[in-house]
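Presented below is the structure to which this report refers.
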Amino acid sequence: MKVNVEIRKLKRNEEPPMGLLLLADPSEILVKKYLQNGSCFVYLKDDEIVGEYLIMPKSESMIELMNVAVLERHQGLGIGKTLVMHAIIQARNFGYKTMEVGTADIGKIQISLYKKCGFVEKEVWYNFFKENYKQAIYENDLMCKDMIRLSIDL
Ligand code: COA
């Protein structure tokens, strides 16, 4: 059976996919701030939102990719890579020169995803997660401490 797939910007009157957004960043306060200042794009499979990402301008030339997430039962099928490549094309079309993304130092899957899409490691923001989140964030029983920053020239 044919599956209908679409990636589009979240509509103004549409409810943001909070479950997905919080999968990538557990802070509801930060996610709401990002939604106000950035643009959310959603991946729909047969009209169901199964993935999303946010992009937020940081300067005239740099835009940040944030909160890439795919519903667990749809992971491992290439949707994450499709979303990141879509974000790169959007940013390029908007005229930005660089895109950056930040992820936990222990986020092996995330780092591998971004590198496969052409990002390279740029710097480390030491203790970012310890200093910016009230509660410790764990991934596979490991505590997120430092943020790895990656970038791509557009
Ligand atoms: N183990 C190791 N690497 C994996 C992996 C796994 N289980 N799943 C994906 N990857 C890596 C691989 O490099 C893969 O490339 P490959 O298929 O050529 O090997 C690449 O990621 C892309 O895989 P894809 O199927 O497109 O990713 P996905 O649709 O599963 O989405 C995430 C990846 C990170 C978005 C998804 O795991 C997710 O939503 N995680 C929770 C939210 C999150 O952490 N977001 C990132 C915030 S920085």
Would you be able to tell me the number of residues in the stretch 26-48 that are surrounded by fewer than 17 Cβ atoms within 10 Å (Cβ to Cβ) and not β-branched (Val, Ile, Thr)? 13
Take Tyr53 and tell me if it is of a type in the set (Phe, Trp, Tyr), closer than 29 Å to Arg12 by Cα and part of a helix (DSSP H, G or I). no
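Which ones in the stretch 82-118 are more than 14 Å from the ligand (Cβ to nearest atom), within 14 Å of the chain's Cα centre (by Cα) and either within 22 Å of Asp141 (Cβ to Cβ) or small (Gly, Ala, Ser) (or both)? Break it down into steps so the answer makes sense when it comes.
The initial filter retains those residues of the stretch 82-118 that are more than 14 Å from the ligand (Cβ to nearest atom), namely 89-98.
After this cut, where a residue has to be within 14 Å of the chain's Cα centre (by Cα) as well, the list is 90-91.
Answer for the stretch 82-118, where residues must be more than 14 Å from the ligand (Cβ to nearest atom), within 14 Å of the chain's Cα centre (by Cα) and either within 22 Å of Asp141 (Cβ to Cβ) or small (Gly, Ala, Ser) (or both): just Ala91.
So, in the stretch 94-113, of the ones that are assigned to a loop (DSSP other than H, G, I, E, B) and modelled with pLDDT of 95 or more, which residue ends up surrounded by the most Cβ atoms within 10 Å (Cβ to Cβ)?
Within the stretch 94-113, the subset assigned to a loop (DSSP other than H, G, I, E, B) is 95-97, 105-107.
Those still in the list that are modelled with pLDDT of 95 or more too: 95-97.
On the way: Gly95: 10, Tyr96: 20, Lys97: 13.
Taking the candidates together, the pick is Tyr96.
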Return the residues of the stretch 60-85 that are crowded, with 17+ Cβ neighbours inside 10 Å and not in a loop (DSSP other than H, G, I, E, B); say none if nothing qualifies. Ile63, Glu64, Leu65, Met66, Asn67, Val68, Ala69, Val70, Ile79, Gly80, Leu83, Val84
For the stretch 125-132, state whether one or more residues are over 24 Å from Ile29 (Cα atoms) and surrounded by 13 or more Cβ atoms within 10 Å (Cβ to Cβ). no
Condition (residue is more than 12 Å from the ligand (Cβ to nearest atom), among the β-branched types (Val, Ile, Thr) and assigned to a strand (DSSP E or B)) applied to the stretch 5-19: is it met by at least one residue? yes
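The values are calculated or read from the model by the stated rules, or taken from the named source; none is laboratory data. Quantities reported herein were computed from a predicted structural model and do not represent experimental measurements. Heads up, the Cβs are rebuilt from the backbone with ideal geometry, glycines too, and the neighbour counts pull from every protein chain shown.
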